[in-house]
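Trainee: I have a structure here, written as C-alpha cells, and I will follow up with some questions on it.
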C-alpha cells in the first residue's frame, strides 16, 4: 500500500493534504491511489452547499460547524472557488470565515480552485471527498459558488444539497434558473433580517406548491448567519433529510446512480486513453489536420479512418 | 461678481485663441503620452477662464468663515492662529510615551496625539496571548486607568488638547481619559480633544474592528449623547479618510467615502433622537495628504463645500458650527519609500504644504523613517520643523486660501465634488453605507485602485524617485528606533500587579452591570466609566461587550 | 497537461489590519497563475501553520506591518518544522528594517523578505524561480 494512503488511514492530516494535492495535480499514480482509498470510503455523509456569490455560504458553514461539532461529529470541508480562465490562478478566500475552526482536530478544511472544469465544482472535488471519507470524517461539506453547471455538479456529488438564497438585491426567486428549484433538498434564506425575506420565502413556497413533491418537500429555513440564528433549525432539517434518505432507500438510489455515472466515466476514460495511446503511436495526426484544414478531407471521415486504422471499428 | 464670460463675444474670441494656441502647441512633443494625477485623473495641458465660466463666486466659494466654506472655516484662518502642529506619537509603555510627549511639548508642539499599540487598538490586554510580540510596538500600551495616569503624568489635561487614535474600543479608552481628568481634579467640561471613534472606516479600510456594525454604531451614538451633556468641547468622532487613502483609494474615493461615513453618523445620531445641531458641531474629520499637490488641495476645498451643503440642505442643520468641516491632516505614509528614506523629507514637505494651502486645522507630518519603524527623536524633530518652516518662513500662511480663483484649482474642485456626488448616489442605491460595506462595495473599489496604483509603479508608468527611477542601490543608513523587548515583560508584570491589588469584587460587579446595560438599550458610557474607575482593564471590558455583541468578520474581496 | 500550480498561503499574522499589501500581492500572484489561499486578518501562528498543512501549500507569505516580525516569524517557522513542513518556503513582506531582515534570513526563519518599494514582479519572479521544473511538489 502507498505510504501516504497508509498514513491517511492512520489519521495523519498531512497525508490527507498531500493526497488531495496529488489527485489535484493529476500525478501518474493517481488512479492507483484512489483504488487503495476506495475500500475505506462510503461512510461519510456528503452535504453540498451552493448559492450565489455573497449569499453568505461561508458564514453559514462556519455557524453550522459549531452545531455539528457539538454533536460530536467530525467534519471535512471542501471549499471551491473559481479559477481565473485567463491566468489559471485563483484566490481561495472561503477560509476567512472558518478560521476559528482551523485548530479543531475534528475539522479538516481544504480550499480548491476549479482548475478548468466547466462547472462550479473542481474536477477533483469528488476524489477529494473520497480522501476525506477514507480519512474518517463523518460529514463532508462541499461549498461551491452556484453558477450554472455547478448546480448539477453538486447534485451528482452530494447526498443532501442545500441552496442558499438571500433577499438582497431584490432578486425574485422566479428570475433564478428553474434548475435551482430542482436540486435543492433544503432551502436556506440567509440574511433573513433584510427586507424582502418574507417575499422570497413565499415565492419559494409557491414554486414548491406547484411542484407538489410528495415524498420530500424541501423545507425553507431562515437564517441570519452573522447572528448565528436559524442554525439549530438548519442542522435539524439536515438530519431530517439524511434520515429520510436512509429510510426511503433514496440514499442507496442516488449512490447507485452516482456509481453508475462514475463507472461510465471510468470506462470512457480508459477507452479514450487506450485509443489515443494507439493513435499517437501509429498515426501522424498533423497530416490529417492539414488535410482537413485545406478541405481535402472532412473530420467525420477522418475520425472513422483513424479508428479503422487501429482496428477499433 | 461680473463674470467676463458673460460676454458672449469675448468668450468666442478667447475660445478661438485657445484653439489656435492648442493647434500650435500640439505639434510639440510631450514627455509622456498622458498626464494624470496620482489618482489617475487626467490633467489638461492648460486651464483658462473657459474652464470656470460657470463658477458663481458667492455660491461656490463665498468668504472664509462663511457658507459654503470652500475658502476655509475661519474668517481669519492662519492670520489669526496657525494650524495645530500635532505629531502622532506613542511607543513602549506609558512611561516611555510620557517622556516623548513632554519632549514634544517643550519643542513647541501644540497638541498631543496618542498612538496606541495593536493590542490596545484591538481590545486585548498586554497579558493576552494574542498580544505577544506586539506590546508597545507601534504605539503605547494602555491596559487600564493606571497606564493612563502615567501617560499624562505632569501634563495638565485642561492645558492641552489630546487626540487619541482609537476606534473599536474608543469608548473604553475615552472613559479612562475622563477618569484620569477626574483624578487630576479637572471637570469634564474643561477637556478638549478628539477620539477617532470612526468604526465605519475600519470596516472599509483600516480593518481594526472588534464588534459588528450595529452595536458599534450604538457605542458611537452613546458617546455623542454623553459628550453632549458632559464633555461639550470634545470631538466625538474624527471621520477618517486617512486610512481609506492608505489602503489604496484614489483622492475622490477618499473624499466620497469619508463624507458618506460622516453622513451615516449624522443619520445615526438623528435616528437615535439627538438634535443635529447639538452633536454635529463635535464631528471632525481626518484626511490624508498624498503627493499630488493640486489634487489634494482641491480635495479639501471640495470636502468643505459638500459637507456644508448637505448638512444644511439634507439634514436641516442651522448652527454654522454644524456646517463647518474642521479637519486634521496627516501626510501620506503610503507615499513614503523605504529606499533612500531621506527623500521622504521632501515628499512630506510637499504634502504638508498642500494640507496648509487646503486649509487644515491641524497637521501631522510623517517622519522620514516611518516606513521602516517608529520615528526616532531626531526624525520626529525634522518632521515638526518642516511644519514650522512652512508656517513661519514660507509666507503661505499670510493670506487666506491663496490658490482660489486658479482656473485649474477651481475646475478640479468642481470635478471632485461632482464625482463624489456620483459615489453618494451609488452608495444610496446599495442601501446606504452599512449595506454597501456588507456587500463589499467600498472594499472592492479600494482594492481595485490599490492594484492599479501598484501596477503603474511596477511598470514605471508612475515614477517614485529612488525606487523605480534614479536609484542608487544604496542600502539604508539611518538610525532606527528600537523598542526594548523588555517593555512587554514590564507591562505584563505591571498588569499582574494591578490585578492583584485592585478591588476585584468591584471590578466584577461593574462588569456584570455593564453587560446588563449592553443587553438593554441604556447609554453604555456611564457603565464603562464606572468600570474603568475601579481599574477594570480594557481587555476585560471589551471581552464583556464581545459576549453580548459578538465580533465582526471581514469580506473575502481582492 | 501539467496541472501543478504553485500554492501560496497569504496570511496576516498578529493584530495589525493593514492588508493593502497582502491583497495586492494575492491578486498579482493569482494573475500570475498561482493558487492563493487567503486566511484573512488577525491570524495566530498556530492557525497559519495548521492552514499551511491542510492546504498543502508550497509557500507561506506573511504580511507584517506592526513591528512584531521578530516574534511572529520565528514562531510560525518553528511550528511548520514541528509539523514536518520545514521545506515550505516562508516569504515575509512589510515594514522590516534591514537588520531584522538579515537576522530572520540568517536564522532560517524566512527565505526571502520584501519591503515597500519592491515590485510585484520581483515577488512573482522569485516564486517562479524557486519552483522551477526540477522542484518536486
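The values are calculated or read from the model by the stated rules, or taken from the named source; none is laboratory data. Keep in mind that this is a model prediction, so the values were computed, not measured. Cβ atoms come from the backbone with ideal geometry, glycine included; neighbour counts cover every protein chain shown.
Trainee: Could you say whether any residue in the stretch B:330-337 is within 29 Å of residue B:454 (Cα to Cα), in contact with a strand residue (DSSP E or B) (Cβ under 6 Å, 6 or more places away or on another chain), at pLDDT 95 or above and surrounded by fewer than 24 Cβ atoms within 10 Å (Cβ to Cβ)?
Mentor: Within the stretch B:330-337, one or more residues are within 29 Å of residue B:454 (Cα to Cα), in contact with a strand residue (DSSP E or B) (Cβ under 6 Å, 6 or more places away or on another chain), at pLDDT 95 or above and surrounded by fewer than 24 Cβ atoms within 10 Å (Cβ to Cβ).
Trainee: Turning to a different aspect of this structure: Select from the stretch A:27-47 the residues that are over 28 Å from residue A:163 (Cα atoms) and under 18 Å from the mean Cα position of the chain (by Cα) and write down the one among them that is nearest to the other protein chains (Cβ to nearest Cβ).
Mentor: The initial filter retains those residues of the stretch A:27-47 that are over 28 Å from residue A:163 (Cα atoms), namely A:27-40.
When the remaining residues are screened for being under 18 Å from the mean Cα position of the chain (by Cα), the result is A:34, A:38.
Details: A:34: 16, A:38: 21 Å.
Looking at the filtered set, the residue picked out is A:34.
Trainee: Looking at the stretch B:127-137, which of the residues that are within 8 Å of chain C (Cβ to nearest Cβ) and crowded, with 24+ Cβ neighbours inside 10 Å is modelled with the highest pLDDT?
Mentor: This residue is B:131.
Trainee: Where in the stretch B:437-542 are there helices (runs of 4 or more DSSP H), lying wholly inside it, with at least 2 residues that are within 11 Å of chain C (Cβ to nearest Cβ), touching a helix residue (DSSP H, G or I) at 6+ places or on another chain (Cβ under 9 Å) and on the phi < 0 side of the Ramachandran plot?
Mentor: B:441-458
Trainee: Among the residues of the stretch A:230-259 satisfying the criterion of being out of contact with any helix residue (DSSP H, G or I) (no Cβ under 9 Å at 6 or more places or on another chain) and outside any helix (DSSP H, G or I), which is surrounded by the most Cβ atoms within 10 Å (Cβ to Cβ)?
Mentor: Restricting to residues being out of contact with any helix residue (DSSP H, G or I) (no Cβ under 9 Å at 6 or more places or on another chain) and outside any helix (DSSP H, G or I), the top hit is A:248.
Trainee: Now for a separate question. Only residues that are part of a strand (DSSP E or B) and either without any contact (Cβ under 8 Å) to a residue 12 or more places away in the chain or at the interface with chain B (Cβ under 9 Å from one of its Cβ atoms) (or both): list them for the stretch C:14-37, please.
Mentor: C:36
Trainee: Of the conditions (1) modelled with pLDDT of 95 or more; (2) surrounded by fewer than 23 Cβ atoms within 10 Å (Cβ to Cβ); (3) part of a helix (DSSP H, G or I); (4) more than 19 Å from the chain's Cα centre (by Cα), residue B:381 fails just one. Which one is it?
Mentor: Of the numbered conditions (1) modelled with pLDDT of 95 or more; (2) surrounded by fewer than 23 Cβ atoms within 10 Å (Cβ to Cβ); (3) part of a helix (DSSP H, G or I); (4) more than 19 Å from the chain's Cα centre (by Cα), the odd one out for residue B:381 is (1).
Trainee: Being surrounded by fewer than 17 Cβ atoms within 10 Å (Cβ to Cβ) and either more than 14 Å from chain B (Cβ to nearest Cβ) or touching a helix residue (DSSP H, G or I) at 6+ places or on another chain (Cβ under 6 Å) (or both) is the filter here, so list the residues in the stretch C:101-120 that pass it.
Mentor: Residues satisfying the conditions are C:105, C:106, C:107, C:108.
Residues checked against (1) touching a residue at least 12 places away in the same chain (Cβ under 8 Å); (2) under 29 Å from the mean Cα position of the chain (by Cα):
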position	(1), (2)
B:440	yes, yes
B:447	yes, yes
B:450	yes, yes
B:457	no, yes
B:465	yes, yes
B:472	yes, no
B:481	yes, yes
B:490	yes, no
B:493	no, no
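Trainee: Also, quick follow-up: Give the stretch C:51-64 a look and list any residue that's at the interface with another protein chain (Cβ under 8 Å from one of its Cβ atoms) and either farther than 24 Å from residue B:551 by Cβ or under 14 Å from the mean Cα position of the chain (by Cα) (or both), or say none.
Mentor: So the first thing to find is which residues in the stretch C:51-64 are at the interface with another protein chain (Cβ under 8 Å from one of its Cβ atoms), and the list is C:51, C:53-56.
Of everything in the stretch C:51-64, those that are at the interface with another protein chain (Cβ under 8 Å from one of its Cβ atoms) and either farther than 24 Å from residue B:551 by Cβ or under 14 Å from the mean Cα position of the chain (by Cα) (or both) turn out to be C:51, C:53, C:55, C:56.
Trainee: Hey, among the residues in the stretch A:3-43 that are in a loop (DSSP other than H, G, I, E, B) and over 17 Å from residue A:133 (Cβ atoms), which one's modelled with the lowest pLDDT?
Mentor: A:26
Trainee: Report yes if some residue within the stretch C:72-84 is part of a loop (DSSP other than H, G, I, E, B) and at positive phi; otherwise report no.
Mentor: There is at least one residue in the stretch C:72-84 that is part of a loop (DSSP other than H, G, I, E, B) and at positive phi.
Trainee: Now, a different point. Tell me the residue from B:261, B:222 that is more than 14 Å from every other protein chain (Cβ to nearest Cβ) and surrounded by fewer than 23 Cβ atoms within 10 Å (Cβ to Cβ), please.
Mentor: When all the criteria are applied, what remains is B:222.
Trainee: In this structure, is residue B:124 within 14 Å of chain C (Cβ to nearest Cβ), at pLDDT 90 or above and out of contact with any strand residue (DSSP E or B) (no Cβ under 8 Å at 6 or more places or on another chain)? I'd like the intermediate steps shown before the answer.
Mentor: On the way: within 14 Å of chain C (Cβ to nearest Cβ): yes; at pLDDT 90 or above: yes; out of contact with any strand residue (DSSP E or B) (no Cβ under 8 Å at 6 or more places or on another chain): yes.
So residue B:124 fits the description; yes.
Trainee: Separate question: I need every pair where a residue in the stretch A:84-102 that is within 13 Å of chain B (Cβ to nearest Cβ) and buried (at least 22 other Cβ atoms within 10 Å of the Cβ) has its Cβ under 8 Å from the Cβ of a residue that is at pLDDT 90 or above and assigned to a loop (DSSP other than H, G, I, E, B), sequence separation at least 6 or different chains.
Mentor: A:89/C:5; A:89/C:32; A:89/C:33; A:89/C:34; A:95/A:102
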